[in-house]
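Colleague: A single structure is presented below for examination.
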Amino acid sequence: MTRVTVGQRTALRTCPLCEAVCGLELTLDDEDHIVRVRGDRQDPFSAGFLCPKGASLGHLDEDPDRITEPMIRDRATDAWRTASWQEAFDLIAERIPALVAEYGRGSAALYLGNPNAHTVAGALYVPVLARALSTRNIYSASTADQMPKQVASGLMFGDPLTVPVPDLDRTDYLLMLGANPLESNGSLCTAPDFPGRLKALRRRGGRMVVVDPRRTRTAKLADEHLFIRPGSDAYLLFGIVHTLFARDLLDVRVAVEGLDEVRAAAQDFTPEVVAGRTGVPAETIVRLAAELAAAPSAAVYARIGTCTTEFGTLTQWLVEVINALTGNLDRAGGAMFSTAAALGIVRTRPFRIARWTSRVRELPEAMGEFPIATLAEEITAPGEGQVRALITVAGNPALSAPSGTRLDAALAELEFMVSVDRYLNETTRHADVILPPPRIAQSPHYDFALLQFAVRDYARYSPALVPLDGRPSEAEVIARLALAVSGQQPEPDRDPLTTVDELVIAGTLHKAGLLERRAELVGDNSTEQRIDMMLRLGPYGQWRPDAVRTPVTEPYGGMNLQVLLDNPHGVDLGPLRPGRLPEVLRTASGRVELAPPELIADVVRLRARLADVAPELLLIGRRQLRSNNSWMHNIAPLVGGSNTCTLHINPHDATRLGLTDRAVVKSAAGMLTVPVEPTEEIMPGVVSLPHGWGHTDSEQAVASAHAGVNANALTDDSLVDAPSGNAVFNGVPVTLTPA
Ligand code: SF4
C-alpha cells in the first residue's frame with residue numbers, strides 16, 4: 001500500500017519515454033505536480049521495473065524550460081513572442097494553404113519524431129494531419145532508425161508491422177547483434193525489465209551471445225561476446241546461412257518460398273571468406289550456426305546498430321532467414337509474433353517499396369515515407385516540387401538526421417515552418433510557429449505501436465491524470481493543425497477533435513457492418529470511444545466472433561475499454577502464441593517469402609563490397625541509459641556521470657595516434673572536436689560517439705550547459721541503405737588527430 005500525505009494522491013500511468021512501456025505509480029500533490037515516481041509492482045508486465053528516465057518523469061513533465069503557450073517568430077528580428085491559439089492557427093491557415101496553392105501539393109512536408117510512437121495523438125491524429133497535408137513529402141525518425149527491419153518484414157511477411165520478436169522469456173539461446181537493451185531498454189522488442197529477462201534466461205540454463213563492436217553492458221551479461229567490424233553484420237549472418245546449408249543443418253518448419261534462391265545467394269559467403277571482413281573467426285561462425293541449429297529453441301535478434309548501416313535491410317532479412325532455417329520462426333522460444341489487443345492497420349495487399357521515389361535523388365519510398373537523408377536537398381534544390389514549408393511534430397532532425405549541419409542550414413531556407421514541440425531547440429528555432437503539447441500528465445496513454453512488438457501479450461490504458469484547464473489537448477492541437485493546413489476553420493460550436501473521431505468511428509463501423517452498435521462505445525470523450533472501438537474490433541475484442549479468449553476478458557464478453565478501466569495496472573493476455581503465421585501473412589504466395597527479389601538483388605551490392613579494405617578507423621554511435629535521443633538532456637538528475645558526450649577509443653589507438661585529451665575527428669561530411677575517453681571496451685579500429693548531443697542553439701539551460709557535440713556533423717546523408725533508404729550512422733570512416 002502506497003503511503004501518501006494529506007493533499008497527495010497516487011495515480012497509475014504507463015511510462016511514455018521508451019519502448020519498454022513500464023507501469024508507473026505516480027504521486028501527485030494537491031496542485032497536481034508529480035512529486036514521486038515508482039514502478040508499478042502490480043503491473044503484470046513490468047512488475048515494478050523503473051529506469052532512471054522513468055524516475056525523472058516529474059522533472060520532464062514540468063521542465064521550467066518547456067514551452068507552455070504558442071510562440072510566433074518575427075523573421076525580421078528573429079524574436080519570439082507568445083500568441084493565442086487562435087492567432088497561431090490563423091497564421092498557419094493563412095500561410096500553408098497559400099504556399100501549397102502557389103507551388104503545388106508536394107511543397108509542404110511533414111517530419112515526425114520518435115515520440116509520436118509513444119502518444120495517443122501520434123497514433124490516432126497525426127495520420128489525419130498527413131492526409132490533410134496531402135503530400136508525398138513525409139519523413140520521420142524511422143529512416144534514421146528501424147526502417148530496414150520494417151522493409152525486411154514487409155517483404156518477407158507481406159506487412160511491415162509483422163515484425164518477429166525474440167521470445168525472451170522462453171528461449172534457450174539468444175544471438176543478439178547491434179542491440180544494447182541494458183542501456184536502451186529494448187527496441188522493436190517491447191520488454192519491460194529487459195535486463196531481468198536476460199538474467200532469467202541465463203538462470204534457467206539458456207545461452208546468450210552478443211555481437212557488437214563494443215563490449216557493452218549487455219555484452220558483459222552474456223555468455224559470450226564477439227567483436228565485429230561495424231557494418232559487417234550481413235556478412236556474418238550470411239556465413240551462418242551458408243553453414244546451415246553446407247552442413248545440412250536445416251529444420252524449416254513453416255511454409256516458405258525461395259529456399260533455393262537463399263542457398264544460391266549464400267554460396268559465396270563462406271565462413272572463411274566473411275571472417276576477414278567481419279573480424280569473427282571462421283570456426284566461430286561455424287560454431288554459432290551449429291549452436292543455433294542444435295538449441296532446443298533459439299532466436300536471433302538484431303537492432304539499431306545493425307539497422308543504421310549500409311546493409312541494414314539485408315541484415316534484418318538474414319536474421320529472419322536464420323530464424324526460419326533453424327525451425328525457430330513462429331515457435332515458442334524462437335522468433336514470434338505478438339497479438340496486440342487494439343485493431344491495427346488492416347492490410348489487404350502485400351507490402352511494396354519504391355511505389356514512388358524522391359524528387360532529387362530518386363530514393364525509394366517505404367511505408368509512405370521518404371528517407372530523412374534526402375530532406376535537406378528536397379528543401380534546397382530548386383525546381384518543381386521543392387519543399388517550401390515544413391511541419392515537424394516532436395522531432396529534432398537538426399540533431400538526429402545525417403549531415404545535421406546541412407539540414408540545419410536547409411531549415412533556415414524554408415518559407416514557412418510549424419513545429420509541434422515542447423522545446424525551443426536546434427530544429428524548432430527555425431519555425432515560424434511553435435505549438436506546445438500539454439504536460440505528459442494531461443494526456444491519456446495507450447501504446448498502439450509498441451504493443452505490436454511485445455514479448456508477452458498485454459494491454460494497459462491510462463486516462464489523463466490532470467485536467468487541461470482550458471488549453472487544447474495534444475490530439476486537439478494536431479486536429480486543429482490538420483484543419484488549418486487544409487485551409488479550413490473549425491465549425492462554430494463544433495469541437496474539431498470530435499468531428500475527426502466521429503468520422504473515423506462511423507467509417508470503421510460501417511466497414512465492419514457494425515454501425516448500429518455505435519451507441520455501445522464507452523468513454524469520457526471521443527478519443528476514448530475510438531480506443532474502445534479498436535479494442536472491441538481487435539483480436540481479443542468483444543465484437544470479434546473469433547476473438548482470443550482470456551480469463552480477464554471473458555467476464556466482459558471480450559476485450560473493450562471497460563476491461564482496461566477496471567484493470568488500471570494493465571492486463572496480461574498471456575505468452576506469445578505459436579503458429580500465427582498463416583493468420584498474419586499478407587504475401588501474395590501465402591507463404592513466408594525467404595528470398596524477396598528486391599533483397600536478392602541487393603546481395604549484388606553486398607558481394608561487391610566483400611573485398612573492400614576496411615578504413616583505419618570507423619565511427620559508430622552509442623546508447624546511454626539516461627539519455628533519450630536528443631530530447632532529455634535538459635533533465636538535471638539525468639545529466640553527468642556516464643551520460644556525457646565523449647569519444648570512446650581503444651587505448652591502443654589512442655596511444656598510436658597520440659590522443660590524450662581532445663581529438664579532432666574528421667569524416668567526408670564534417671569535423672568535430674571532442675574529448676576522448678580511452679576504454680578497452682571498444683575494439684581497436686572503432687570509435688564511438690553518442691547521438692542526440694550538440695545543444696548549442698537551444699533555449700534549454702541544462703542541455704546548453706552540457707551541450708556536447710552533434711555526432712551527425714560527421715555522418716553523411718549521401719550514404720543510405722539501398723532498399724529502405726535508412727541513414728547510415730554506423731561504420732562511418734573517420735580520421736583522428738590531437739586537438
Ligand atoms: S525503461 Fe523505458 S518505459 Fe521503463 S521506466 Fe525507463 S524509460 Fe520508462
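Colleague: What is the extension gain from residue 677 to residue 705, computed as 0.36 nm multiplied by their sequence separation minus the C-alpha to C-alpha distance, in nm to one decimal?
Modeller: Full extension from residue 677 to residue 705 adds 8.1 nm.
Colleague: Among 92, 505, 391, which comes first, then next, by fewest other beta-carbon atoms within 10 Å? Each step should come with its number before you reach the end.
Modeller: Numbers: 92 24, 505 19, 391 28.
In order of increasing Cβ crowding within 10 Å: 505, 92, 391.
Colleague: For the chain, give the share of DSSP beta bridges that are antiparallel, in percent and rounded to the nearest 5; count only bridges with both residues there.
Modeller: Just about 50 percent of them are antiparallel.
Colleague: Ignoring solvent entirely, what values of log10 I(q)/I(0) come out of the Debye formula for the chain at 0.07, 0.08, 0.09 Å⁻¹ when each Cα is a single scatterer?
Modeller: One equal scatterer on each Cα of the chain leads to -0.46, -0.62, -0.80.
Colleague: Determine, from the Cβ-Cβ distance of residue 200 and residue 512 and an R0 of 45 Å, the FRET efficiency 1/(1 + (r/R0)^6), rounded to the nearest 0.05.
Modeller: According to the calculation, E is roughly 0.65.
Colleague: Oh, and also: Would you mind ranking 43, 223 so that the residue whose beta carbon has the fewest other beta carbons within 10 Å leads the list? Intermediate values should be presented prior to the final figure.
Modeller: Working: 43 25, 223 13.
The order, fewest Cβ neighbours first, is 223, 43.
Colleague: Using the Karplus curve 6.51 cos²θ - 1.76 cosθ + 1.60 with θ = phi - 60°, work out ³J(HN,Hα) for each residue of segment 568-577 in order, rounded to whole Hz, and write x for Gly and Pro.
Modeller: 3J(HN,Hα) across segment 568-577, in whole Hz: x, 7, x, 10, 7, 10, x, x, 4, 9.
Colleague: Let me ask something else about it. Would you kindly state how much longer the chain becomes between residue 65 and residue 90 on full extension, computed as 0.36 nm times their sequence separation minus their alpha carbon distance, in nm to one decimal?
Modeller: Roughly 6.4 nm would be gained on extension.
Colleague: Roughly what % of DSSP beta bridges within segment 615-738 run antiparallel, to the nearest 5?
Modeller: 70 percent
Colleague: Give the peptides 347-357, 288-298 in descending order of average Cβ contacts within 10 Å, highest first. List each step's numbers first, then the result.
Modeller: On the way: 347-357: 13.5, 288-298: 19.8.
Ranking the peptides 347-357, 288-298 by packing returns 288-298, 347-357.
Colleague: Within segment 562-586, list the residues whose amide N lies under 13 Å from a label point set 7 Å along Cα→Cβ of residue 346.
Modeller: The answer is none, because no backbone nitrogen lies closer than 13 Å to the label point.
Colleague: Let me ask something additional. Quick check on the chain: helices-only [θ] at 222 nm, where DSSP H runs of length 4 and up contribute -39,500 (n - 2.57) each and the sum goes over total residues. Nearest 500, please. Display every interim value, and only then the final one.
Modeller: Numbers: 26 runs with 224 residues, N = 739.
One gets -8500 deg cm²/dmol as the mean residue ellipticity at 222 nm.
Colleague: To the nearest 0.05, how large is the calculated FRET efficiency for residue 608 and residue 224 if R₀ is 25 Å and r is the Cβ-Cβ distance?
Modeller: Working from the Cβ atoms, E equals 0.20.
Colleague: Would you please give the FRET efficiency between residue 75 and residue 98, computed as 1/(1 + (r/R0)^6) with r the Cβ-Cβ distance and R0 = 22 Å, to the nearest 0.05?
Modeller: Efficiency computed from Cβ-Cβ geometry: 0.90.
Colleague: Now a separate question. Neighbouring Cβ atoms within 10 Å as the yardstick, rank 367, 671, 147, 208 fewest first. Can you show the working numbers first?
Modeller: Working: 367 17, 671 13, 147 32, 208 20.
Ascending Cβ contact count within 10 Å gives the list 671, 367, 208, 147.
Colleague: Would you work out if segment 1-62 is rounded, prolate or oblate? Take a ≥ b ≥ c from the square roots of the eigenvalues of the alpha-carbon gyration tensor; rounded if a/c is under 1.5, else prolate when a/b is larger than b/c, oblate otherwise.
Modeller: Here segment 1-62 falls in the oblate category.
Colleague: Please list, or write none, the lysines whose alpha carbon is within less than 27 Å of the alpha carbon of residue 220, excluding same-chain residues fewer than 8 places away.
Modeller: 53, 149, 199
Colleague: Within 10 Å, count the other beta carbons around each residue, average over each peptide in 647-659, 528-540, and list them highest first.
Modeller: Output ranking for 647-659, 528-540: 528-540, 647-659.
Colleague: Next question. Classify segment 615-738 from the C-alpha gyration tensor, please: rounded if a/c falls under 1.5, else prolate or oblate depending on whether a/b exceeds b/c.
Modeller: Oblate shape, in that a/c is at least 1.5 and b/c is the bigger or equal ratio.
Colleague: Please state the shape class of segment 377-513: rounded when a/c is under 1.5, otherwise prolate if a/b exceeds b/c and oblate if not, all from the C-alpha gyration tensor.
Modeller: Because a/c hits 1.5 or more and a/b exceeds b/c, segment 377-513 counts as prolate.
Colleague: Could you order peptides 695-701, 79-85 by the average number of other Cβ atoms within 10 Å of their residues, highest first?
Modeller: 695-701, 79-85
Colleague: So what's the net charge close to residue 258: Lys and Arg +1, Asp and Glu -1, counting the other residues with Cβ under 14 Å from its Cβ?
Modeller: Here the count lands on -4.
Here, each number is a calculation from the coordinates, and none is a lab measurement. Since the model is a prediction, treat every value here as computed from it, not as a measurement. All Cβ positions, glycine included, derive from the backbone under ideal geometry; neighbour counts span all protein chains shown.
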